[in-house]
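Engineer: Right, I'll just put the structure down here and ask away after.
The values are calculated or read from the model by the stated rules, or taken from the named source; none is laboratory data. In this text, all values refer to a predicted model and were calculated from it rather than measured experimentally. No Cβ is skipped: glycine too gets one built from the backbone with ideal geometry, and neighbour counts run over all protein chains shown.
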Amino acid sequence: MILNIGYLLILMGLSFILLESIIPGLYFPAVGISLTIYGVMLLYAPSLALPLALVAGIVTVVILQSLVYKVGEDIKIGPEKFIGKVIILSVDLDKNGQGLITIDNEKWHIKGREPLKKGDKVRIVGIEGVFLVVEKVKE
């Protein structure tokens, strides 16, 4: 009888892990891994089944929380990720206060509100259309 329950728990555990790929973010992997380990251990070492399944579930939740879900982290993409970054200009800005620079191997249009020259230390303070707005860092 334990053999049948073990196989059933393995199947249920793998189903929960598969369910995570359809409905992500609900800790199905923790339940799935716990059930799978519980089922395997019921087949080979029934006395260790419950403690190992509980430990596996807790470890899975900790790993998911710290490495995968990162709850509360503010993820920024596009030009927003550069706001606040300090860079050294590699080009002079033209008479309109505009230029083209490379940041993290990406080309970006920049706009300054004051005349800026190559070598000036600037901070990215905002976005206007396709331009990153920069201001000279006061030292």
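Engineer: Could you tell me whether Leu54 is hydrophobic (A, V, I, L, M, F, W, C), surrounded by 13 or more Cβ atoms within 10 Å (Cβ to Cβ) and either modelled with pLDDT under 90 or under 29 Å from the mean Cα position of the chain (by Cα) (or both)?
Structural biologist: Values: hydrophobic (A, V, I, L, M, F, W, C): yes; surrounded by 13 or more Cβ atoms within 10 Å (Cβ to Cβ): yes; either modelled with pLDDT under 90 or under 29 Å from the mean Cα position of the chain (by Cα) (or both): yes.
It is true that Leu54 is hydrophobic (A, V, I, L, M, F, W, C), surrounded by 13 or more Cβ atoms within 10 Å (Cβ to Cβ) and either modelled with pLDDT under 90 or under 29 Å from the mean Cα position of the chain (by Cα) (or both).
Engineer: Would you say Lys76 is on the phi < 0 side of the Ramachandran plot, part of a loop (DSSP other than H, G, I, E, B) and not aliphatic (A, V, I, L, M)? It would help to see each step written out before you state the result.
Structural biologist: Values: on the phi < 0 side of the Ramachandran plot: yes; part of a loop (DSSP other than H, G, I, E, B): yes; not aliphatic (A, V, I, L, M): yes.
Yes.
Engineer: Then there's this: Only one of Glu128, Glu114 is under 27 Å from the mean Cα position of the chain (by Cα) and over 22 Å from Gly13 (Cβ atoms); which? So that I can check it myself, show each step before the final result.
Structural biologist: Values: Glu114 fails: under 27 Å from the mean Cα position of the chain (by Cα).
Among Glu128, Glu114, only Glu128 is under 27 Å from the mean Cα position of the chain (by Cα) and over 22 Å from Gly13 (Cβ atoms).
Engineer: Take the conditions out of contact with any strand residue (DSSP E or B) (no Cβ under 7 Å at 6 or more places or on another chain), hydroxyl-bearing (Ser, Thr, Tyr) and not assigned by TED's automatic domain parsing to the domain that holds Ala30 and apply them to Thr60. Does it pass?
Structural biologist: Numbers: out of contact with any strand residue (DSSP E or B) (no Cβ under 7 Å at 6 or more places or on another chain): yes; hydroxyl-bearing (Ser, Thr, Tyr): yes; not assigned by TED's automatic domain parsing to the domain that holds Ala30: no.
Considered against the rule, which asks whether it is out of contact with any strand residue (DSSP E or B) (no Cβ under 7 Å at 6 or more places or on another chain), hydroxyl-bearing (Ser, Thr, Tyr) and not assigned by TED's automatic domain parsing to the domain that holds Ala30, Thr60 comes out as no.
Engineer: Can you tell me which residue is surrounded by the fewest Cβ atoms within 10 Å (Cβ to Cβ) among those in the stretch 116-130 that are free of Cβ contacts under 8 Å to residues at least 40 places away in the same chain and part of a strand (DSSP E or B)?
Structural biologist: Narrowing the stretch 116-130 to residues free of Cβ contacts under 8 Å to residues at least 40 places away in the same chain: 116-123, 128-130.
Okay, now just the ones that are also part of a strand (DSSP E or B), so 121-123, 128.
Working: Lys121: 14, Val122: 22, Arg123: 16, Glu128: 9.
Applying the filter and picking the extreme gives Glu128.
Engineer: For the stretch 101-115, which residues satisfy the criterion of being closer than 14 Å to Pro79 by Cα and either modelled with pLDDT of 90 or more or in a strand (DSSP E or B) (or both)?
Structural biologist: Residues of the stretch 101-115 that are closer than 14 Å to Pro79 by Cα, as a first pass: 101-111.
Across the stretch 101-115, the qualifying residues are Ile101, Thr102, Ile103, Glu106, Lys107, Trp108, His109, Ile110, Lys111.
Engineer: If you don't mind, there's one more thing I want to ask. Here is a list of conditions, (1) farther than 25 Å from Gly6 by Cα; (2) in a helix (DSSP H, G or I), and Asp92 meets all of them except one; can you say which number that is?
Structural biologist: All conditions are met except number (2).
Engineer: On to the next question. Of the residues that sit in the stretch 75-102 and are free of Cβ contacts under 8 Å to residues at least 24 places away in the same chain and crowded, with 16+ Cβ neighbours inside 10 Å, which one is farthest from Val133 (Cα to Cα)? Can you show your working first?
Structural biologist: Of the stretch 75-102, the ones free of Cβ contacts under 8 Å to residues at least 24 places away in the same chain are 75-78, 81, 94-97, 99-102.
From what is left, the residues that are crowded, with 16+ Cβ neighbours inside 10 Å are 97, 99, 101.
Details: Gly97: 10, Gly99: 11, Ile101: 12 Å.
Among those residues, the one meeting the criterion is Ile101.
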